[in-house]
């Protein structure tokens, strides 16, 4: 018998995989960043791709303007992937790729690069995020309609389970649901409902004897917010429900397949622009939620940087987040003990509450036809939950230190210096990447028919054959799209060409906004006063104030735009909101056609410097002389430039009082039309 006491482990636990979510500009620059991070002790890669790559556009596409290299690295073909991974031991590395709509394509590029470097696909370890349902609900980087998107996921799962057996083909992402305002119950319920939809689709594409292994390869990407006791209980509740689903719905019996496997990024939604140094404390506490209890400890963890509410973190900022993980794992004693929450009445009670609530909400999703069919319902619920959160912060019911309470502060030395505490991507990167992808097509095609500078240029016979095989597979519901996708990657097809071929077969899609079906907000003193002002100005105008809320470019983070649209509607305005992914010309045309009094633009991807001037130019050309207000993660120097260029107001994350913003907009409309906004 062992003399080891039950409150101690016989040996220290292994730490989790430590990552930082990173990537920007070009593949070469991002590769240098990855190699430096690995030298600092990072144990896994987490690749951030830019929005054109995530949504299936090449750098020279109209919708890619202003977005190339901004929120991640641009990868347009296998040459870019080769440069991105140069010198990184792919046979040993555990690589996470935050990619969804184009996940099959990026995995194919990864496999092709590995095999060219002599690494067998069977040795590759890592994860493709690949949860498209949450893209419709919260993040917006979808490319195809829901049903064919689900088919792509199922094809990837069926392909990887034998061909790339160490790879996690999907990370069911509750992370982004919380970022969109989900409560813990909603986060659990919608993530597990999505997992059921994915598994049901995958079960049809693999032999019955293979399915338990499929279940065992499903992983999750979870959020951890500031209420870290409740967040830990959420993870335990998810794990118990996941095991229940495996046993009861799918008949999985092997214990090794039933344990929920998940990685975590802690909450970015709660990071503040005001007193941003406080974010470090928030990040540490949130990391404790997923590392403190052994029976629900994350297998991989990545932490945001303190300055993400300000802009793109610098390498030093990412290093700080890595050091937080290393200190937790190596200096504290959290890896020394068994589960410290075992037998806790508080934890057991919280877990039971969350399981009960999640089961009830999953039943509602099932009544709507499952996760894919229930996207409109779930989107509306998330908009409502986020509205409740914003309202609680506005009223002071939910206290956020430095933002709505204890706001007196000293200047932050972290923000001093010419860069203002953030990394700015060189504007020349986009032009370089446009030229580079055109050169790739020209050289790939041997210069046939002149320079291949656009997607409609004539490709080589090999590329044309690869794309035709891809279209044929997409049109055949029995075919698996992964093999022709891999062939296309090796032939030199570009990201935009791959996605365009599938769009020809699958069609386009615009996700529901959740705004139209959101319930009207009950009145309070502030909202009632705002409604009176809107009514007064509308009466003087002779018609109701009308606002166009627009999201130019590829930025899919629509939470802020949705809250503005909902509050404007609740205040009595007429609202035009078409959702994400609008060109500047479409915004201008809509402004004229709808006869709006004000245009509100939301951009969180850092592309405001390029896109806002384009929208202003298009509005002027269309004869729409209306005030323009802008919201997003916008550094002060950029805000000053936009105001000088004609933007009426600029709002950043520190401007959390939505009713005050609405009041400003009413004043703008009144001033522009010579009306007194107040009695």
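The values are calculated or read from the model by the stated rules, or taken from the named source; none is laboratory data. Note that this is a predicted model, so its numbers are computed, not measured. FYI the Cβ positions are ideal-geometry reconstructions off the backbone, even for glycines, and counts take in every protein chain you see.
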Check residue 246 against each of (1) touching a residue at least 40 places away in the same chain (Cβ under 8 Å); (2) out of contact with any strand residue (DSSP E or B) (no Cβ under 7 Å at 6 or more places or on another chain); (3) part of a helix (DSSP H, G or I); (4) surrounded by 19 or more Cβ atoms within 10 Å (Cβ to Cβ) and name the one condition it does not meet. (1)
For residues that are more than 18 Å from the chain's Cα centre (by Cα) and part of a helix (DSSP H, G or I), scanning just region 120-149, find the one that is nearest to residue 211 (Cα to Cα). 122
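Each row is one residue, and each column tells you yes or no for (1) surrounded by fewer than 24 Cβ atoms within 10 Å (Cβ to Cβ); (2) touching a strand residue (DSSP E or B) at 6+ places or on another chain (Cβ under 8 Å).
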site	(1), (2)
105	no, no
110	no, yes
119	yes, no
138	no, no
Close pairs (9 angstrom Cβ cut-off, 6 or more residues apart or separate chains): on the phi > 0 side of the Ramachandran plot in region 393-410, assigned to a loop (DSSP other than H, G, I, E, B) and surrounded by 18 or more Cβ atoms within 10 Å (Cβ to Cβ) anywhere: 396/404; 402/272; 402/274; 402/275; 402/276; 406/275
Which members of region 175-198 meet the condition of being modelled with pLDDT under 95 and not in a helix (DSSP H, G or I)? 180, 181
Sort out which residues of region 425-451 are touching a helix residue (DSSP H, G or I) at 6+ places or on another chain (Cβ under 9 Å) and either at pLDDT 90 or above or buried (at least 17 other Cβ atoms within 10 Å of the Cβ) (or both), and write them in order of number. 429, 430, 433, 434, 436, 437, 440, 441, 444, 445
Read through the list (1) modelled with pLDDT of 95 or more; (2) under 27 Å from residue 431 (Cβ atoms); (3) outside any helix (DSSP H, G or I), then give the number of the only condition that residue 499 fails. (3)
Anything in region 657-666 that is in contact with a helix residue (DSSP H, G or I) (Cβ under 8 Å, 6 or more places away or on another chain) and either buried (at least 19 other Cβ atoms within 10 Å of the Cβ) or farther than 18 Å from residue 633 by Cα (or both)? List them, or say none. 658, 659, 661, 662, 663, 665, 666
Out of all the residues in region 597-622, which are under 28 Å from the mean Cα position of the chain (by Cα) and closer than 15 Å to residue 564 by Cα? 599, 600, 601, 602, 603, 604
The residue from 206, 214, 252 that alone is in the same structural domain as residue 171 (by TED's automatic domain parsing) and in a helix (DSSP H, G or I) is 214
Could you say whether any residue in region 47-57 is under 20 Å from residue 494 (Cα atoms), surrounded by fewer than 17 Cβ atoms within 10 Å (Cβ to Cβ) and assigned by TED's automatic domain parsing to the domain that holds residue 338? no
Just one of the numbered conditions (1) modelled with pLDDT under 95; (2) assigned by TED's automatic domain parsing to the domain that holds residue 118; (3) in contact with a helix residue (DSSP H, G or I) (Cβ under 9 Å, 6 or more places away or on another chain) is not true of residue 43; which one? (3)
Considering region 502-519 alone, what residues qualify as being part of a loop (DSSP other than H, G, I, E, B) and either surrounded by fewer than 17 Cβ atoms within 10 Å (Cβ to Cβ) or touching a strand residue (DSSP E or B) at 6+ places or on another chain (Cβ under 9 Å) (or both)? 507, 508, 509, 510, 513, 515, 516, 517, 519
Search result, residues across region 36-55 that are part of a loop (DSSP other than H, G, I, E, B) and within 15 Å of the chain's Cα centre (by Cα): 50
When region 276-310 is checked residue by residue, the ones that are closer than 23 Å to residue 181 by Cβ, out of contact with any strand residue (DSSP E or B) (no Cβ under 7 Å at 6 or more places or on another chain) and outside any helix (DSSP H, G or I) are 276, 305, 306, 307, 308, 309, 310
Farther than 24 Å from residue 70 by Cα, surrounded by 21 or more Cβ atoms within 10 Å (Cβ to Cβ) and in contact (Cβ under 8 Å) with a residue 12 or more places away in the chain, is that true of residue 596? yes
